[in-house]
Amino acid sequence: MPFLSQSQRRAGRELGSASAVADSKQTLLCTRLSGVLLVGLALNSLFGWSWVDPIAALVIAAVTVKEGRAAWRGDACCPHPLAPTSESAMAN
């Protein structure tokens with residue numbers, strides 16, 4: 001998945017597609033969250049550390065809240081288009 005994310009980002013930049021670049025960031029975020037889950041499950045399974053599962057869940061929840069707040073504020077979104085200038089408004 002990290003390789004897919006990198007390829008998506010490269011293609012999005014070459015094509016000038018902000019949505020493809022944003023999708024590559026989402027893919028990378030999903031990869032990282034899956035990694036946290038996998039580490040938590042592996043440590044619990046291999047060593048019987050049942051306390052790792054709730055910690056992994058709290059890490060996932062914290063990242064989710066952070067990303068949700070950024071999306072709510074519009075930080076993760078594409079930049080707003082420029083306001084029309086007086087010259088472009090007169091041309092229409």
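The values are calculated or read from the model by the stated rules, or taken from the named source; none is laboratory data. If you're wondering where the values come from, they're calculated on a predicted model, not measured in any experiment. Quick reminder, even Gly has a Cβ in these numbers, built from the backbone with ideal geometry, and neighbours come from all protein chains shown. Calculation scope for accessible area: heavy atoms of the full protein, side chains included, ligands and nucleic acids excluded. Shrake-Rupley method; radii C 1.70, N 1.55, O 1.52, S 1.80 Å.
What number of residues within the range 6-19 satisfy the criterion of being at pLDDT below 90 and within 19 Å of Arg32 (Cα to Cα)?
Going through the range 6-19 one residue at a time, the tally reaches 0.
Conditions first: (1) loosely packed, with under 14 Cβ neighbours inside 10 Å; (2) outside any loop (DSSP other than H, G, I, E, B). Trp49 passes all but one, so which condition is the exception?
Only one criterion in (1) loosely packed, with under 14 Cβ neighbours inside 10 Å; (2) outside any loop (DSSP other than H, G, I, E, B) is unmet by Trp49, namely (2).
Just a yes or no: is a residue in the range 52-61 surrounded by fewer than 16 Cβ atoms within 10 Å (Cβ to Cβ) and within 22 Å of Gly74 (Cα to Cα)?
yes
Please specify each residue of the range 62-73 satisfying the condition of being closer than 15 Å to Gln26 by Cα and open to solvent by less than 100 Å² (accessible area, probe 1.4 Å).
Passing the criteria: Val63, Thr64, Val65, Glu67, Gly68, Ala70, Ala71.
Filter the range 1-24 down to residues that are surrounded by 14 or more Cβ atoms within 10 Å (Cβ to Cβ) and of a type in the set (D, E, K, R) and give me whichever is nearest to Ala70 (Cα to Cα).
Going through the qualifying residues, I end up with Asp23.
In the range 16-37, which residues are free of Cβ contacts under 8 Å to residues at least 12 places away in the same chain and touching a helix residue (DSSP H, G or I) at 6+ places or on another chain (Cβ under 9 Å)?
Ser17, Gln26
Being assigned to a helix (DSSP H, G or I), under 20 Å from Gly74 (Cα atoms) and among the polar types (S, T, N, Q) is the filter; apply it to the range 1-46 and report the residue that is nearest to the chain's Cα centre (by Cα).
Gln26
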